[in-house]
1. Checking the structure you have, find out if any residue of the stretch 87-100 is within 19 Å of A156 (Cβ to Cβ) and assigned by TED's automatic domain parsing to the domain that holds R37.
2. Pairs, please: C-beta under 8 Å, at least 6 apart or cross-chain, first residue over 14 Å from Q389 (Cβ atoms) and in the stretch 348-362, second aromatic (F, W, Y)?
3. Of the residues G144, G173, which single one is outside any strand (DSSP E or B) and exposed (fewer than 12 other Cβ atoms within 10 Å of the Cβ)?
4. Looking at A311, A307, can you tell me which residue is touching a strand residue (DSSP E or B) at 6+ places or on another chain (Cβ under 7 Å) and among the small types (G, A, S)?
5. Condition test on H391, is it assigned by TED's automatic domain parsing to the domain that holds V321, modelled with pLDDT of 90 or more and assigned to a helix (DSSP H, G or I)?
6. Only one of G377, G300 is of a type outside the set (V, I, T) and without any contact (Cβ under 8 Å) to a residue 12 or more places away in the chain; which?
7. Restricting the search to the stretch 396-408, which residues are free of Cβ contacts under 8 Å to residues at least 40 places away in the same chain and within 40 Å of the chain's Cα centre (by Cα)?
8. Residues in the stretch 114-132: is at least one aliphatic (A, V, I, L, M), within 30 Å of S72 (Cβ to Cβ) and under 20 Å from the mean Cα position of the chain (by Cα)?
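The values are calculated or read from the model by the stated rules, or taken from the named source; none is laboratory data. Computed from a predicted structure; not experimentally measured. Counting neighbours? That spans all protein chains shown, and the Cβs are built from the backbone with ideal geometry, glycine included.
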Amino acid sequence: MSFDPVPTPPHEGASALSSVLVEVRGVDAELASAEARRVRALARAGHLALDSSVGVRASSKAAELALREVASEIAAASFLSDRSVQAQIGRAMTLTDDFPVTLDAWEAGVLSRAHVRVIVDAGTPLPRDRRGEFDVLAVATADGLSPGRLKTRLAALAESLQPTTLAERHQRGRGTRCVRVVAGEDGMSDLIATLPTVLAVGIYDRLVQQSAAIIDQRRDASTTEGAEAAPDTRTADQVRADILADLLLTAAPDADPTRTDDGPGTLGAIRARVQVVVPALTMLRPGEENSDPADLVGHGPIDTATARALAETTTLPWDRVITHPVTGEVLRTDTYQRTTAIDRHLRARDRHCRWPGCITPAARCEVDHTHDWALGGPTDVTNLAHLCQRHHTQKQFTRWRVHQHPGGILEWTSPTGRAYIDETLPYSPAVRFLPDDPTPEPPPPDRP
């Protein structure tokens, strides 16, 4: 972030807004500096407490009591809870000891509190000997990014610095999966399930889709039934909570307004959706997944085993994203799955197998990528052609090679180096309908 004054625009209203903007950004810088200085002071208080407990028997208990003593002193003077102050001291010590570059940037007004929180949350799971490198890279990465976008970038950065693979840590993490109830107030409680992220996100997505279906049906019903219908005033969050309870207690939503008879409604057919980005090299070299992990979009890295399982079991086509090797910019996207429009075009263009001389109808042929899709060939009419099974196999497993030119022209090269051209069969010229008048039209000037 930069807090340099913005040139004053000539328009009066814009000039006033510009002045306010400069003032807000200046106050933000002052506030960030003050917050960072408070963190340093709290960290010094924590270190004083730990220094006083050195050498005392049962040092861990003594250290905790010493921290509690110092926290209580500050809390009493500030009219705060000693528990919250002790937690603040712990976070301050972590920030000061393990993320000094982040703290310096915060004090200089370059980072906001939200940015600092994202950096510390992403870097804390790293071993302490890796946090210094992460600290430097995280501050450099934060330039020009909102906290939300920074969080996504830092998840991948932290993953690249982990000494163990995500697959190993995910396997350990799966051992912590559980369901627990945390009692609340007014007869309410929190039901918390700790699950692999892909499952948790999928469950929530299905609840969102089902709640949307109920809300849409409720809106339609209120329109058709008028004022006599009992109003459903539940919020989307409340609807999702009710659906979750029905699913867990009865295995299907009992209150499914999409049911039209005694059979199930459409809510049961709704399935979870997740978006996963899987780097091709990560799939090929799972041991190096930390450098470029698979990503559950919007939630962070997932282990390669989970990504591969999704890739192998899904019936939906995967999109291939072609990126610039240096900048990572998206250059092109395509998918191995052909569209209906592509198939119609190819059948009309080829009409038969495209091996020179073969007349097997296109309806009995296979659609082949002239330049192998796995090697970068696009799923496009300029790279697809019909081949019967015999000639498809010959292309794959012999020394024959083929290149596709514009217009669907295929150039086959034999093992001896001879070239054979197979052109698409042109259609007859368009039919012209003449009037009933038998008088012939005069010939064009350039024809006899």
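1. Looking only at the stretch 87-100, we keep the residues that are within 19 Å of A156 (Cβ to Cβ), and these are 99.
With the extra rule that they be assigned by TED's automatic domain parsing to the domain that holds R37, the set shrinks to 99.
Yes, there is a match, as at least one residue in the stretch 87-100 is within 19 Å of A156 (Cβ to Cβ) and assigned by TED's automatic domain parsing to the domain that holds R37.
2. Close Cβ pairs (under 8 Å, with a partner that is aromatic (F, W, Y)) amount to P356/W412; P356/Y420.
3. G144
4. On the way: A311 fails: touching a strand residue (DSSP E or B) at 6+ places or on another chain (Cβ under 7 Å).
Checking each option against the conditions leaves just A307.
5. Taking the combined requirement at face value, the residue satisfies it.
6. Numbers: G300 fails: without any contact (Cβ under 8 Å) to a residue 12 or more places away in the chain.
After ruling out the rest, the residue left standing is G377.
7. Result: Q396, F397, R401, V402, H403, Q404, H405, P406, G407.
8. Yes, the stretch 114-132 contains a residue that is aliphatic (A, V, I, L, M), within 30 Å of S72 (Cβ to Cβ) and under 20 Å from the mean Cα position of the chain (by Cα).
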